[in-house]
Amino acid sequence: MNKLGIFMNFWEKNWDADHAKYIKKAAEIGYDILEFQAQPLLEMSDEKLKFLKALADEVGIELTYSLGLDPNYDVSSPDEAVRLGGVDYLQRIIRQIQKMDGTLLSGVSYAGWGTPNYVLNDKRPLLENSLKSMREIIKVAEECGVTYCVEAVNRFEGCLINTAQEALDYAAEIDSPNIGVLLDTYHMNIEENSIGDAIRLVGNKLTSFHTGENNRTAPGKGHLNWDEIFGALSDIGYKNRIVCEPFVMQGGEVGRDIHVFRDLIDNPSEARIDEEAKYILNFEKEMLKKWNLA
Ligand code: MN
């Protein structure tokens, strides 16, 4: 069966939190993977990294990492100092991931998270900057055994890679065994004509997959067609990770950055979110069974 994961900020309103607590919680609920923002790794001592990795091994959790790249490190920037600073920053993050024996970094990791606040008539120059940066970053990813997964995100969160086709084109230009593609149902719902066709288009290049409803609640609670989604994963014989990435609480850095301005579930206490996390795991396992992926 595909490994199933959950994103730590389902529970937490700030990006950095008690990782150890959520490694244990994810395992107790029955998940295989805990994913969290990669930036805090840069602040952690080698001892802390070792401690978290040992804990994850002990409870049988794989740690994977996502990134909404700080615009101060925008590797698509026309400002060469910013761009080079971004290359160095991402290379350092990859090296921290290697210390944890990690193999996956995804997210908006190829440009600053967000969109230009000026008239942009042609994004190709920004894309060229990003590709130039990535050719340097990917060398470190290859050295470290980390797959660098570009995530197609909706137009309000980035301008370079909005669709499965754009992600594929980007990966093809980098041409490395360590570049991957991540699709996310929430973003696809906004940008793709057909979510099923987008998944089939990426096919065996699909390295990781994020689930979330049209409004980023738990799969099955909104109006996305999960039979279409899991049917398409079945069509491509998808065997890689599936990580659920719901954001349901207003407030904090997460509320600000994800634009959550109301609670999307009633009384989102820790116990209530635990319950919802159990529901998601069960829902996804049932869908995998239904579509012969289990
Ligand atoms: Mn995502």
Query - Normalised contact order of the chain, rounded percent, pairs of Cα under 8 Å and 6 or more residues apart - result: 19 percent
Report task. Quick one: grab Rg to one decimal and Dmax as a whole number for segment 1-113, Cα atoms only, in Å. Result -> 14.6, 46
Query - Amide hydrogen neighbours beyond the local backbone of residue 179, cut-off 5 Å, H modeled - result: 148
Report summary line: Phi angles of segment 143-157, converted by Karplus (6.51 cos²θ - 1.76 cosθ + 1.60, θ = phi - 60°) into ³J(HN,Hα) in whole Hz with x for Gly and Pro, give 4, 8, x, 9, 8, 9, 9, 8, 9, 6, 10, 5, 4, 7, 10
Report task. Taking all pairs of distinct Cα atoms, average 1/r, flip it, and tell me the Kirkwood hydrodynamic radius of segment 62-101 in Å to one decimal place. Result -> 10.8 Å
Query raised in the report: Under a point-charge model restricted to the Cβ atoms of Lys and Arg (+1) and Asp and Glu (-1), what is the dipole moment magnitude of segment 215-264 relative to its Cα centre, in debye to the nearest 20?
Result: 100 debye
Requested in this report: Give me 269, 77 ranked fewest to most by other Cβ atoms within 10 Å of their Cβ, as a rough exposure proxy.
Outcome: 269, 77
Query raised in the report: residue 104's amide H: which non-local residues (gap 5+, or another chain) put their own amide H closer than 5 Å, with H modeled 1.01 Å from N in plane and none for Pro or chain starts?
Result: 65, 147
Requested in this report: State to the nearest 20 debye the size of the charge dipole of segment 188-275 about its Cα centre, where the only charges are +1 on K and R beta carbons and -1 on D and E beta carbons.
Outcome: 240 debye
Query raised in the report: If the cut-off is 30 Å between C-alpha atoms, which lysines fall inside it for residue 13, apart from same-chain ones fewer than 8 positions away?
Result: 3, 21, 24, 25, 48, 50, 53, 99, 221, 278, 285
Requested in this report: Could you line up 65, 279, 73 from fewest to most neighbouring Cβ atoms inside 10 Å?
Outcome: 279, 73, 65
Query raised in the report: With +1 on each Lys and Arg Cβ and -1 on each Asp and Glu Cβ, how big is the dipole of the chain about its Cα centre, in debye rounded to the nearest 20?
Result: 340 debye
Query raised in the report: Which is farthest toward the positive dipole end of segment 42-101 among 77, 59, 90, measuring Cα position about the Cα centre, with Cβ charges +1 (Lys, Arg) and -1 (Asp, Glu)?
Result: 59
Query raised in the report: When the helix-only estimate is applied to the chain (DSSP H runs of n ≥ 4, each -39,500 (n - 2.57), divided by the residue count), what is the mean residue ellipticity at 222 nm, nearest 500 deg cm²/dmol?
Result: -14000 deg cm²/dmol
Query raised in the report: Which percentage, to the nearest 5, of the DSSP beta bridges contained in segment 1-66 is antiparallel?
Result: 0 percent
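Can you list, largest first and rounded to whole Å, the semi-axes you get for segment 140-216 by taking the square root of 5 times each eigenvalue of its Cα gyration tensor?
The answer is 22, 12, 12 Å, longest axis first.
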Query raised in the report: Cross-link partners among lysines for residue 132, C-alpha distance below 18 Å, same-chain residues fewer than 8 apart left out?
Result: 123
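Bear in mind that the values in this text are calculations on the coordinates, not laboratory data. Model, not experiment: these values are computed from the prediction. Because the Cβ atoms are built from the backbone with ideal geometry, glycine has one as well, and the counts that use them run over all protein chains shown.
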